[in-house]
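The values are calculated or read from the model by the stated rules, or taken from the named source; none is laboratory data. Treat the numbers as computed from the prediction; the structure is a model and nothing was measured. Cβ sites come from the backbone with ideal geometry, for glycine too, and all protein chains shown count toward neighbours. Side chains are part of the model used for accessible areas, which takes the heavy atoms of the whole protein and leaves out ligands, DNA and RNA. Shrake-Rupley method; radii C 1.70, N 1.55, O 1.52, S 1.80 Å.
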Amino acid sequence: MSLQFLQDALEDVKALIAITEQDIADIKVANNDAIFARIPQKEELTASFIRKKEAYAKEVEERLCAEFPNATLEDLTYEDKQRLLGEGASQYTAELHDSLSVLKDLNLRLGKMSLAVSEFYSSLLSKIVPVEDRGYKKQSQKQSLGNASFLQTEI
């Protein structure tokens, strides 16, 4: 049963990788609505991964207490640990480790791209609506324009 938790957790991570790759593709073409629409799905997959990881850890802990009541993980031999974790666990944990590393790199890349886009829009906005720096408060200069509209156009 514990290996099923690892397999399912791995599938969650692979799904998160696919979504993050799509987010990177969408941010390149400014398809922000699609990115925002996927946020709940990413949150659910992340929560699901955490639940499965915790369930696996709990099951391993229960097996440790049942099979080796007076021992800690450090006391066990390699063979005992392998038996405790389950047949094939090392393959899944290695693949899970690699997939989490890929997801981390993709999230780092997406974060950098998001920051660049945010800075671009912030600088664009500050050029359209000038902002005065008054200590910790930044205020738009629209107050000095009196009753003029926020943006005026002439035809």
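Within the range 64-76, which residues are open to solvent by less than 70 Å² (accessible area, probe 1.4 Å) and modelled with pLDDT of 85 or more? Residues satisfying the conditions are 64, 68.
What do you reckon, is residue 50 open to solvent by 50 Å² or more (accessible area, probe 1.4 Å), among the β-branched types (Val, Ile, Thr) and assigned to a helix (DSSP H, G or I)? Taking the combined requirement at face value, the residue satisfies it. Residue count for the range 81-114, restricted to those that are closer than 21 Å to residue 66 by Cα, in contact (Cβ under 8 Å) with a residue 24 or more places away in the chain and assigned to a helix (DSSP H, G or I): 3. Taken as a whole, the condition of being basic (Lys, Arg), open to solvent by 60 Å² or more (accessible area, probe 1.4 Å) and within 23 Å of residue 114 (Cα to Cα) applies to residue 28. Residue 88 meets all of the listed conditions (1) surrounded by 12 or more Cβ atoms within 10 Å (Cβ to Cβ); (2) at pLDDT 90 or above but one, namely (2).
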